[in-house]
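A.B. asks: Okay, handing you the structure first.
Derivation of every value follows stated rules applied to the coordinates shown; laboratory data play no part. What you see is a predicted model; the values in this text were computed from it and never measured. Every residue, glycine as well, gets a Cβ built from its backbone with ideal geometry; the counts of neighbours run over all protein chains shown.
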Amino acid sequence: MKLLKYKNLSGSYTFDSRDNVYIGKILGIEGFFSFFGDTEEEAIQDFREACKCYLEYSEPSVKD
């Protein structure tokens with residue numbers, strides 16, 4: 001398992017040899033945001049996009 005950080009969020013990912021894909025999730029948040037990639041670089045980029053989506057998703061609840 002490898003760890004990532006982006007905009008104060010953390011994630012972990014690993015290689016799934018059965019499906020031949022990198023798969024991970026954002027850690028320490030409510031809900032479940034996952035990310036994937038055929039390569040490690042794609043998984044890291046998808047992690048960043050998942051973080052952006054999570055921050056957009058959670059923003060309205062912060063304002064309420």
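A.B. asks: Given charges of +1 on the Cβ of Lys and Arg and -1 on the Cβ of Asp and Glu, with all other atoms neutral, how large is the dipole of the range 2-58 about its Cα centre, in debye to the nearest 20? Numbers along the way, then the final one.
C.D. replies: Numbers: 7 positive and 10 negative charges, 60 e Å.
Value, rounded to 20: 300 debye.
A.B. asks: Among residues other than Leu9 whose Cβ falls under 10 Å from its Cβ, what is the net charge (Lys/Arg +1, Asp/Glu -1)? Don't skip to the answer; put the middle values down first.
C.D. replies: Numbers: positive: Lys5, Lys7, Arg48, Lys52; negative: none.
Local net charge: +4.
A.B. asks: How are the Cα pair distances of the chain distributed, in percent, across 5 Å bins from 0?
C.D. replies: Here the calculated profile for the chain is 4, 20, 29, 21, 13, 7, 4, 1, 0.
A.B. asks: Test of understanding: ordering Ile44, Ile26 by Cβ neighbours within 10 Å, fewest first, what list do you get? If you can, show how the numbers build up before the last one.
C.D. replies: Working: Ile44 18, Ile26 21.
Neighbour counts put them in this order, fewest first: Ile44, Ile26.
A.B. asks: Normalised by the residues of the chain, what does the relative contact order come to in percent, with Cα pairs under 8 Å and at least six apart? Mind showing how you got there, number by number?
C.D. replies: Details: 93 pairs, mean separation 14.5, N = 64.
Relative contact order comes out at 23 percent.
A.B. asks: Give me the angle, in degrees from 0 to 90, between the Cα long axis of helix 40-63 and the longest principal axis of the Cα atoms of the chain, rounded to the nearest 10.
C.D. replies: Approximately 20 degrees, to the nearest ten.
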